[in-house]
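The values are calculated or read from the model by the stated rules, or taken from the named source; none is laboratory data. What you see is a predicted model, and the numbers here were worked out from it, not measured in a lab. Quick reminder, even Gly has a Cβ in these numbers, built from the backbone with ideal geometry, and neighbours come from all protein chains shown. These area figures cover heavy atoms from the full protein model, side chains too; ligands, DNA and RNA do not enter into them. Shrake-Rupley method; radii C 1.70, N 1.55, O 1.52, S 1.80 Å.
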Amino acid sequence: MQMFPPYLSRFLLVTILLMIASGMSPSLAVLHMSGLDARWVMGVSATSVLIFVFFNILVVRGLELGVKALEVLAIVCLLLSLTNLLYTDSAAMCVVAALCAGTGLMIIRGDNYRQMFRYMQGVRKIRQAK
């Protein structure tokens, strides 16, 4: 058995990209669309990142719910970022968040990420058999 799963770089890249997107997109939406103060923005940002971390842990454990939830999270972040472009004059941050979410979504739907996930499911089955 290998020390690190195959295609670990895909998993780490998705983790970084969706961490950025899930931290930026909801906080920009709260800041620009609702007009709430910075405390709410930080709370929304922290909450969305914690939700991402929860679903990412499910992926590591080999549960299909985690992959589906990350896809939905990436789509929501992408839509929030694109919607924020209409309400803000700081388009650079919205574009960065949209690119991170879109790239993460493409990687999740790719074959290499699916192969990594199947490996994680195999590890989960081996652990359950013991």
For this session: Would you point out the residue of the stretch 1-33, among those that are among the polar types (S, T, N, Q) and within 16 Å of CYS94 (Cα to Cα), that is modelled with the highest pLDDT?
Result: SER22
For this session: Considering only the stretch 86-112, state which residues are over 22 Å from LEU13 (Cβ atoms) and loosely packed, with under 15 Cβ neighbours inside 10 Å.
Result: LEU86, TYR87, ASP89, SER90, ALA91
For this session: Give the stretch 36-66 a look and list any residue that's of a type in the set (Gly, Ala, Ser) and open to solvent by less than 60 Å² (accessible area, probe 1.4 Å), or say none.
Result: GLY43, SER45, ALA46, SER48, GLY62, GLY66
Problem set entry | Hey, ALA69 small (Gly, Ala, Ser) and surrounded by 14 or more Cβ atoms within 10 Å (Cβ to Cβ) or not | yes
Exercise. Say we look at the stretch 6-24 and pick out the residues that are open to solvent by 70 Å² or more (accessible area, probe 1.4 Å) and among the hydroxyl-bearing types (Ser, Thr, Tyr); which of these is farthest from the chain's Cα centre (by Cα)?
Worked result: TYR7
